[in-house]
Structure formats: C-alpha cells, structure tokens
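Contents: one structure, followed by commentary.
The values are calculated or read from the model by the stated rules, or taken from the named source; none is laboratory data. All values reported here derive from a predicted model rather than from experimental measurement. Neighbour counts are summed over all protein chains in view; Cβ atoms, including those assigned to glycine, are modelled from backbone coordinates with ideal geometry. Heads up: the accessible areas ignore ligands, DNA and RNA and are worked out on the full protein's heavy atoms, side chains in. Shrake-Rupley method; radii C 1.70, N 1.55, O 1.52, S 1.80 Å.
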Amino acid sequence: RKEVEQDPGPFNVPEGATVAFNCTYSNSASQSFFWYRQDCRKEPKLLMSVYSSGNEDGRFTAQLNRASQYISLLIRDSKLSDSATYLCVGGATNKLIFGTGTLLAVQP
Amino acid sequence: GAGVSQSPSNKVTEKGKDVELRCDPISGHTALYWYRQRLGQGLEFLIYFQGNSAPDKSGLPSDRFSAERTGESVSTLTIQRTQQEDSAVYLCASSLVGRPSQETQYFGPGTRLLVL
C-alpha cells in the first residue's frame with residue numbers, strides 16, 4: 001500500500017464549480033501535511049500547508065483528520081487557471097512523501 | 001532572487017552510458033533533495049543532503065545511483081550504466097534548514113532523462 005494515496009482523476013469541472021480532493025495516508029508518524037500544485041511539465045510548487053484545525057486561503061480550504069488519516073482540499077469557484085495536478089504530501093522527519101496527484105481540468 | 005536551477009534541461013542517452021545531473025540550490029539553503037518522477041507518476045524520494053552530508057539515502061533505487069554535494073551548494077546525481085527504466089524527470093529541491101515536515105521545499109525545473 002502506498003504511504004499517501006489519492007484518486008488520480010481526472011476531475012473535469014465547469015468554471016465556477018466547487019471541487020474536493022481527498023487523500024489518505026498510512027504512516028501514523030507523519031507529522032505534517034501539504035498540498036502542492038504541479039502544472040503540466042513544470043515543477044511542483046507549494047499550494048498550502050494543512051493544519052489540524054483546518055485552514056483556508058482564499059478559495060482553497062484544507063482539512064486534516066488525524067484519527068481517520070485523511071486530508072482534503074476544497075476549491076471553490078474554480079477558475080480555468082486552477083487546472084493542474086494537485087499533490088497530497090505527508091511530511092516525516094527527514095522527507096516528504098508525495099502522492100501520485102489528482103488531475104483537475106476546469107472547463108470553460 | 002534566483003531559484004533552484006538544474007542542468008541539463010533534457011538529456012538523451014544510450015543504454016549503458018553514465019549520466020551526470022546537476023542541481024544548484026537557492027543560495028543559503030542548507031538542505032537539498034533529489035526526487036524522480038516517472039511519466040504519469042508521483043514524486044519518488046531519492047536522497048536528502050543536510051549540508052554536504054546525506055543522512056538519508058534510502059530512496060536510491062540501486063547502486064548505479066549516487067549523489068554528492070560540495071561546498072554546501074551544488075549537487076550532482078550520477079547514474080551509471082543507465083537502463084531504460086531510468087527514463088524520468090529528475091527533480092531537485094532545496095529548503096532553508098532541512099526540516100521537511102516544517103518548511104517549504106523549492107523545486108527546480110527538473111532534468112528530463114530519456115534512455116534509449
């Protein structure tokens with residue numbers, strides 16, 4: 001079983017839609033979590049950290065449920081520019097463990 | 001300021017040849033990471049440097065892979081006797097202190113390696 005698992009998608013949604021991505025992790029020693037965004041043929045870039053209490057950054061909301069070992073990302077009012085692969089990432093002491101990513105395609 | 005840079009951008013090589021991939025981290029960043037990303041796959045951790053030392057080499061897939069870092073700056077990832085399954089994008093990242101669970105990693109654009 002992979003340490004971080006995501007639905008690969010693709011998620012095809014119209015502009016303005018709300019879309020949610022889910023992620024599960026298997027290593028209970030993981031200390032922190034992040035969502036990275038990767039555009040096609042580009043390097044990953046940090047989108048946001050995920051805090052236990054949940055956190056919001058504009059149209060993006062991240063949630064963490066340690067009991068269920070589950071992380072989510074909610075995107076409201078999707079824009080064409082949100083089209084990318086979203087990588088769920090778990091952090092341990094010396095490394096980050098990346099999920100395979102969920103592909104989002106926002107349609108006009 | 002300058003971000004993480006990698007060279008070459010693209011490399012095509014023949015099976016059995018050796019290749020060297022270079023990473024220049026952000027100036028002042030203590031930690032440096034190498035990842036591999038195969039087509040349609042997630043990032044696979046290879047190795048982590050804290051300064052010039054590599055406390056975690058657990059991700060190197062075989063003894064054909066090695067990496068070094070000098071001057072707490074430039075790092076080179078070497079793949080000997082390349083195989084077709086080595087074809088991937090090799091990504092380098094750096095971070096300020098080296099606490100992956102607490103700080104942002106900044107990625108370079110990657111080296112696309114194709115082994116024929």
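Key figures for this structure:
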quantity	calculated
Residue tally, condition among the hydroxyl-bearing types (S, T, Y), more than 14 Å from chain B (Cβ to nearest Cβ), assigned to a strand (DSSP E or B) and within 18 Å of A:Q31 (Cβ to Cβ), over the stretch A:43-91	1
Subset of the stretch B:46-55 (residues that are open to solvent by 20 Å² or more (accessible area, probe 1.4 Å) and part of a strand (DSSP E or B))	B:Q50, B:S53, B:A54, B:P55
Counted residues, the stretch B:88-116 - those being hydroxyl-bearing (S, T, Y), open to solvent by less than 30 Å² (accessible area, probe 1.4 Å) and assigned to a loop (DSSP other than H, G, I, E, B)	1
Residue match in the stretch A:47-59 (condition: of a type in the set (K, R) and closer than 27 Å to B:V97 by Cβ)	no
First in the stretch B:96-116 and on the phi > 0 side of the Ramachandran plot, second anywhere and at pLDDT below 95, Cβ under 7 Å, 6 or more apart	B:G98/B:T30; B:G98/B:A31; B:G98/B:Q50; B:G110/A:E43
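Residue by residue, here is whether (1) in contact with a helix residue (DSSP H, G or I) (Cβ under 9 Å, 6 or more places away or on another chain); (2) more than 14 Å from chain A (Cβ to nearest Cβ) holds:
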site: B:L32; (1), (2): no, no
site: B:Y35; (1), (2): no, no
site: B:R38; (1), (2): yes, no
site: B:E72; (1), (2): no, yes
site: B:R99; (1), (2): no, no
site: B:F107; (1), (2): no, no
